[in-house]
Amino acid sequence: MSQIDGLSPARLPQKDWSEVVHILTKILVVFAAVLSLGLAALTSSYAMNRDAITGSFNDAVAARDKATANYEAQSSDFSSQRSELGTQIKSLENETISLQSGKRDAESKLAELRLEARSASDRADSVMRQIGSLGETVDTQAGIIGSNNTELRRTREDALKTREQNIALLDRINDLESQNEVLTQSNRSLLESITEMQDNEQNGGFGVAAASITEPRTLAGDLVVGRVREVRSNNGQQYAEVDLGTRDRLRENTKLHITRNGNFVANLIIVRTDLQSSVGLVDTIGDNSVQVRAGDIVLSSLTR
């Protein structure tokens, strides 16, 4: 080409110049064909990769937006966490200051306690020395106390035996007294029964002589309630039979009270007793118009 560029139309003949132009034209056509093929290849490649490039670009934009949003969210969270951590740091600093103050107080108290412990240890040593000096005295006193306890135990055992013997004797005495009282009462009851039987034979078999009645006694203890079974008269004196007897603690010369509808009627002085029944002398307290009837209530007391 440099040789061709150096030629000029004046130096070449007309025929040669036409061949040169023809050759140049072919070369340019070849170049144009090669460039057309390259352009076609580029156009085809662009057309084939355009969708992938556009999708990649869109994905890149979306990733960028997402990264931006995550950055902003993380920045917000970081700011909130930084604020919370700052608050916690301040709180921990305050707690540290308080703990340091408490530590100083504890160290001061510990020093005081150490002094007190040292003083207590000195006092304990003094007490131990005193205990050691009193040990022999304590041993002597322990021996004396042991002997005293032995003697006291023996004395208590002897006293207990004596007390048991006294209790047994008192029980025996009480049994004998009870038996004696029962026998005496039985004997008295038999004698009174004999006397009453004799008086009954003389007075018609139901009443007793008024002269045999002494000062009556009241019946102590729980209230006794009964009824009048039968009423009889002997020489103008009323006698009543009631459904109470020795099983109800009745004895001769016991004073009972006869009532009717809750009202007082007369007193009844027992003159003869049996196991389940008794006969008594009606005391109208000077009112001869009072008449005792069968079915009237008999009470041992008007106040209970």
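At a glance:
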| item | result |
| --- | --- |
| Lone unmet requirement of (1) within 47 Å of the chain's Cα centre (by Cα); (2) loosely packed, with under 10 Cβ neighbours inside 10 Å for A52 | (1) |
| Number of the exception - V138 against (1) within 48 Å of the chain's Cα centre (by Cα); (2) modelled with pLDDT of 80 or more; (3) part of a helix (DSSP H, G or I) | (2) |
| Close pairs from segment 40-67: first without any contact (Cβ under 8 Å) to a residue 12 or more places away in the chain and part of a helix (DSSP H, G or I), partner surrounded by 10 or more Cβ atoms within 10 Å (Cβ to Cβ) and aromatic (F, W, Y), Cβ under 9 Å, at least 6 apart | I53/Y46 |
| Counted residues, segment 270-293 - those being more than 13 Å from Q237 (Cα to Cα), polar (S, T, N, Q) and free of Cβ contacts under 8 Å to residues at least 60 places away in the same chain | 3 |
| Test: residue in segment 170-180 that is assigned to a helix (DSSP H, G or I) and either more than 30 Å from R251 (Cβ to Cβ) or modelled with pLDDT of 80 or more (or both) | no |
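The values are calculated or read from the model by the stated rules, or taken from the named source; none is laboratory data. Keep in mind the model is a prediction, meaning the values are calculated, not measured. Every residue, glycine among them, receives a Cβ derived from its backbone with ideal geometry; neighbour counts consider all protein chains shown.
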